[in-house]
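Heads up, the thing below is written out as structure tokens.
The values are calculated or read from the model by the stated rules, or taken from the named source; none is laboratory data. Bear in mind that the values here come from a model prediction, so they are computed numbers and not experimental data. A quick note on method: Cβ atoms are made from the backbone with ideal geometry, for glycine too, and the neighbour counts reach across all protein chains shown.
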Amino acid sequence: MKVKTACPIDCYDACAFIAEVGDDEEIRLSGNPDHPITRGTICNRGRQLAVRRNSRDRVLHPMKKHNGEWVQISWEQALREIAQEVERTLAEVGHHGILHYYDWGSGGLLKALNQRFFYGLGGCSEAIGSLCWDAGLRAQTYDFGQANSHSPEDMAEHAQAIVVWGRNVANTNVHMMPFIRAAQARGAKLVVISALPQDAARRADKVIYPRPGTDGLLALAALRICRDEGWIDLEFVRDAAVGWEALAEDLDRYDPAEVARWTDVPLHDIRFLAELYGRTAPVCTLLGIGLQRYAQGGQTVRAIDALAAATGHVGVPGGGVNYAQRQLSIFYDEEAITHRRRADVREMLRPTLAADIAQADPPVQVMFVTRSNPIAQVPDASRLRKAMEGIRCKVVIDTFMTATAACADYVLPCTNVLEEEDVVYTTMWHDCVSYARPVVPPRGEAKVDWQIFRDLATAMGRPEIMEGDVDSWIRAALRRWPAERIEELRDRGFVRLGVPGVPWQDKKFFTPSGKFEFASSLAVRDGHSAVARIDVERFPEDAELPYTLLTVHPRKWQMSQRDTLPEAREPYPVAELGAEVAADRGIQDGDLVRVRNARASVIARARVQAEGHPRVVRLEIGWHGQGVSLNDFTPAALADFGIQAALYDCLCDVEKVSSPHENARATGTEALAGRV
Ligand SMILES: Nc1nc2c(c(=O)[nH]1)N[C@H]1C(S)=C(S)[C@@H](COP(=O)(O)OP(=O)(O)OC[C@H]3O[C@@H](n4cnc5c(=O)[nH]c(N)nc54)[C@H](O)[C@@H]3O)O[C@H]1N2
Ligand SMILES: Nc1nc2c(c(=O)[nH]1)N[C@H]1C(S)=C(S)[C@@H](COP(=O)(O)OP(=O)(O)OC[C@H]3O[C@@H](n4cnc5c(=O)[nH]c(N)nc54)[C@H](O)[C@@H]3O)O[C@H]1N2
Ligand SMILES: [Mo]
């Protein structure tokens, strides 16, 4: 039997699946070949969803922690006890005493119904802001009015050069690669600018490895060269933009020779970049999320926007500064199913969650976690562990006993996407949306999230909060769609919404001036400089911690969702070390090393990298073991714009601890490593 369904993973690509079910509910997932973007191929993360569905380690029953041990309980008991905890909290401190922490572990539209339960109680405390991409979104809001991307086909057909700037395309956005290859086959050049070595660099005509967090300087120095050489699109800056003069004057701050020293990018490469943007047309920039996870991450994105805009690559086929795809929000009405506007919500910030919980008045008495694994993903995670200890009742809804679930009092088993009906609507890139339908029945006693909240509402005598059914909710949230389109979505398994493939072609922007804003009035309103500005004083320096630790997205799995992979059983994570780190510390491939900073330390297996910035250490996020989450290393600091965690402003040191031979005898890694 073949079923059309969809991948709900938080990702650029958002694949449409074909699922084939064999004996014993064995499931084989492949890509839907009709999908115009993902074209029948899927990645290992997608395939793992079938393995996760059938995994032995999956949580199949409601669990309660009793004297530190997990015991299986009935749904009836779980719901009754949790309902009592919620009611007690409402009576003692009111709805702000209930915290709902969620993220985008599933991109199903109906997952928003989780929020509806809490809004239906009158409100709650809720985590807002982003561990992901908010500084960059805000930067593009200042410049363009909204973060819009070109269609992949437009890039493939028209770009003369593609600059992959801080996006790990070959791993985090795999379906971009065929479009890049198509452009290259036409003769387009590929340039990769990355702090870390990247698979896509093998296909590149040019690779630049800047010091982490300094790309804004690089962009502004290149723009200064363009200004001095007269490589500016004068028509664009005069007719379609405001503030070019102010920025042009400000560029005097960025002497290319000095910038070369700060960024570790040779002067001739800064010149190369200037020539590329100044003298090639059109240039398509594919901007990643990584480079805005710094104290000046928002300014960095503005600097790159400015470079591309001033040299004439905005609003033209084959151009664009492609960071996110916000043209799609008009198609969905989440409010219609969540009713958030009626609720009284106390906001806490994802990047500083531990401190916000610790300071909360009234205090948080009950915490719910859905679609997320914050102990693995929130910066300075050990503080969050402590903050959670102070919360009377913690409920985690998930399919596995995650690092966060381990800190909970109740774990409630939810369905895997292959057991659900939903509209999967989150993509960070293209304009397709997919339909998920049940391929197999729920395993064990698992229930879909909305059903868990409906049952909880019923246990509280408040069933009206979760009134409705799948069909009526989908029609309400998609109420702006013609009815035929919903039918098409169900029949084909996906639809293409059809947004402009070349945003801003009419040179009308969503900014207050209606133009591209090199000088932004909204930035000034928010307390920032009017024009993109990078301040070298704000780059972190610490003589004791000479290297930058980048805890980036894993190649083979999605964030912490690695339970079904062999890596999950490895006692040591792999630390990829830049060439200077290895040379300074006398480390060779395969050595066991200690990576440490003031917050944490971990024993890792070294892999020395010839490529990449030489003073960078890479650990793939989502690993946990030795009593640590890799986010024990990261600071709970905010980036400049929006509400964004500056996760990559993280310094560290590395030392060799023993040879691989001693590894076999290395016992008690807990004693060697841990939270400091
Ligand atoms: N395989 C896989 N794919 C994923 C995910 C996953 O977990 N695994 N997660 C999904 C999600 S949630 C997201 S947000 C996206 C993220 O997708 P990406 O933006 O591609 O990945 P990140 O891990 O956020 O950022 C890492 C990249 O940023 C670069 N980088 C870091 N700092 C700098 C810098 O200062 N300058 C420059 N030039 N480059 C820098 C690194 O070299 C690396 O290539 O991926 C999605 N896709
Ligand atoms: N140090 C560091 N930290 C980071 C990042 C980084 O690059 N470095 N990246 C950040 C980014 S970009 C992001 S997006 C966040 C991601 O943060 P999270 O979204 O918390 O990441 P995951 O580890 O994927 O955890 C998702 C959890 O949701 C569960 N889940 C999946 N589907 C469902 C469902 O339908 N219902 C329920 N109830 N649960 C479900 C999964 O089993 C998994 O345990 O992490 C951020 N944290
Ligand atoms: Mo993300």
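Annotation note: of 424, 411, the sole residue that is touching a Gly at 6+ places or on another chain (Cβ under 7 Å) and of a type in the set (A, V, I, L, M, F, W, C) is 424. Of all residues assigned to region 282-303, none qualifies as being more than 14 Å from ligand 1 (Cβ to nearest atom) and polar (S, T, N, Q). Cβ-Cβ distances below 6 Å connect the following pairs, each with a first residue in region 207-221 that is more than 11 Å from residue 264 (Cα to Cα), a second residue that is within 7 Å of ligand 1 (Cβ to nearest atom), and a separation of six or more residues or different chains: 213/294.
Kindly indicate the residue of region 91-138 that is of a type in the set (A, V, I, L, M, F, W, C) and within 16 Å of ligand 3 (Cβ to nearest atom) and also nearest to residue 359 (Cα to Cα) among those meeting that condition. Only one residue fits best here, namely 127. Being assigned to a loop (DSSP other than H, G, I, E, B) and away from ligand 2 (no atom under 16 Å from the Cβ) is the filter; apply it to region 165-203 and report the residue that is surrounded by the fewest Cβ atoms within 10 Å (Cβ to Cβ). Residue satisfying both the conditions and the ranking: 187.
When the residues of region 546-563 are filtered to those that are within 11 Å of ligand 2 (Cβ to nearest atom) and part of a loop (DSSP other than H, G, I, E, B), the one that is surrounded by the fewest Cβ atoms within 10 Å (Cβ to Cβ) is 553.
Within region 378-390, one or more residues are at negative phi, within 16 Å of ligand 3 (Cβ to nearest atom) and in the same structural domain as residue 105 (by TED's automatic domain parsing). Mind checking whether some residue in region 487-496 is loosely packed, with under 14 Cβ neighbours inside 10 Å and either basic (Lys, Arg) or in the same structural domain as residue 217 (by TED's automatic domain parsing) (or both)? No, every residue in region 487-496 fails to be loosely packed, with under 14 Cβ neighbours inside 10 Å and either basic (Lys, Arg) or in the same structural domain as residue 217 (by TED's automatic domain parsing) (or both). Residue 223 is checked against (1) part of a helix (DSSP H, G or I); (2) surrounded by fewer than 20 Cβ atoms within 10 Å (Cβ to Cβ); (3) not acidic (Asp, Glu) and fails just one. What number does that condition carry? For residue 223, the exception is condition (2). Return the residue satisfying two criteria in turn: it lies in region 236-292 and is assigned to a helix (DSSP H, G or I) and in contact with a Ser or Thr (Cβ under 7 Å, 6 or more places away or on another chain), and of such residues it is farthest from residue 130 (Cα to Cα). Ranking the qualifying residues of region 236-292, first place goes to 278.
Residue by residue, here is whether (1) in contact with a Leu (Cβ under 8 Å, 6 or more places away or on another chain); (2) in contact (Cβ under 8 Å) with a residue 12 or more places away in the chain holds:
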residue: 506; (1), (2): no, yes
residue: 525; (1), (2): no, no
residue: 563; (1), (2): no, yes
residue: 588; (1), (2): no, yes
residue: 602; (1), (2): yes, yes
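Scan region 28-48 and tell me whether some residue there is at pLDDT 95 or above, within 23 Å of the chain's Cα centre (by Cα), of a type in the set (D, E, K, R) and more than 15 Å from ligand 2 (Cβ to nearest atom). Yes: region 28-48 contains one or more residues that are at pLDDT 95 or above, within 23 Å of the chain's Cα centre (by Cα), of a type in the set (D, E, K, R) and more than 15 Å from ligand 2 (Cβ to nearest atom). Looking at region 58-135, the strands (runs of 3 or more DSSP E) lying wholly inside it that each contain 2 or more residues that are touching a strand residue (DSSP E or B) at 6+ places or on another chain (Cβ under 7 Å), at pLDDT 95 or above and not hydrophobic (A, V, I, L, M, F, W, C) sit at 98-102, 123-128. Among residues of region 187-201 that are within 16 Å of residue 285 (Cα to Cα) and touching a residue at least 24 places away in the same chain (Cβ under 8 Å), those with a Cβ under 8 angstrom from a residue that is β-branched (Val, Ile, Thr) and in a loop (DSSP other than H, G, I, E, B), sequence gap 6+ or separate chain, pair up as 189/280.
Listed here are the residues, each with its yes/no results for (1) more than 27 Å from residue 198 (Cα to Cα); (2) without any contact (Cβ under 8 Å) to a residue 40 or more places away in the chain; (3) within 16 Å of ligand 3 (Cβ to nearest atom); (4) of a type in the set (Ser, Thr, Tyr).
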| residue | (1), (2), (3), (4) |
| --- | --- |
| 230 | yes, yes, no, no |
| 239 | yes, no, no, no |
| 266 | no, yes, no, no |
| 278 | no, no, no, no |
| 281 | no, no, no, no |
| 285 | no, no, no, yes |
| 296 | no, no, no, no |
| 303 | no, no, no, no |
| 307 | no, no, no, no |
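Being part of a strand (DSSP E or B) and under 19 Å from residue 289 (Cβ atoms) is a description that applies to residue 618. Quick one: would you say residue 479 is surrounded by 19 or more Cβ atoms within 10 Å (Cβ to Cβ), assigned to a loop (DSSP other than H, G, I, E, B) and of a type in the set (Lys, Arg)? Spelling it out, it is not the case that residue 479 is surrounded by 19 or more Cβ atoms within 10 Å (Cβ to Cβ), assigned to a loop (DSSP other than H, G, I, E, B) and of a type in the set (Lys, Arg).
With respect to residue 48, determine if the residue is on the phi < 0 side of the Ramachandran plot and either away from ligand 1 (no atom under 16 Å from the Cβ) or of a type in the set (A, V, I, L, M, F, W, C) (or both). It is false that residue 48 is on the phi < 0 side of the Ramachandran plot and either away from ligand 1 (no atom under 16 Å from the Cβ) or of a type in the set (A, V, I, L, M, F, W, C) (or both).
Restricting attention to region 564-590, the residues that are among the hydrophobic types (A, V, I, L, M, F, W, C) and more than 16 Å from ligand 2 (Cβ to nearest atom) add up to 6.
Please verify whether region 566-586 includes one or more residues that are touching a residue at least 24 places away in the same chain (Cβ under 8 Å), under 30 Å from residue 313 (Cα atoms), assigned by TED's automatic domain parsing to the domain that holds residue 634 and not in a loop (DSSP other than H, G, I, E, B). For region 566-586, residues touching a residue at least 24 places away in the same chain (Cβ under 8 Å), under 30 Å from residue 313 (Cα atoms), assigned by TED's automatic domain parsing to the domain that holds residue 634 and not in a loop (DSSP other than H, G, I, E, B): absent. Within region 1-33, the set of residues being closer than 13 Å to residue 436 by Cβ, of a type in the set (A, V, I, L, M) and not in a strand (DSSP E or B) comprises 9, 14.
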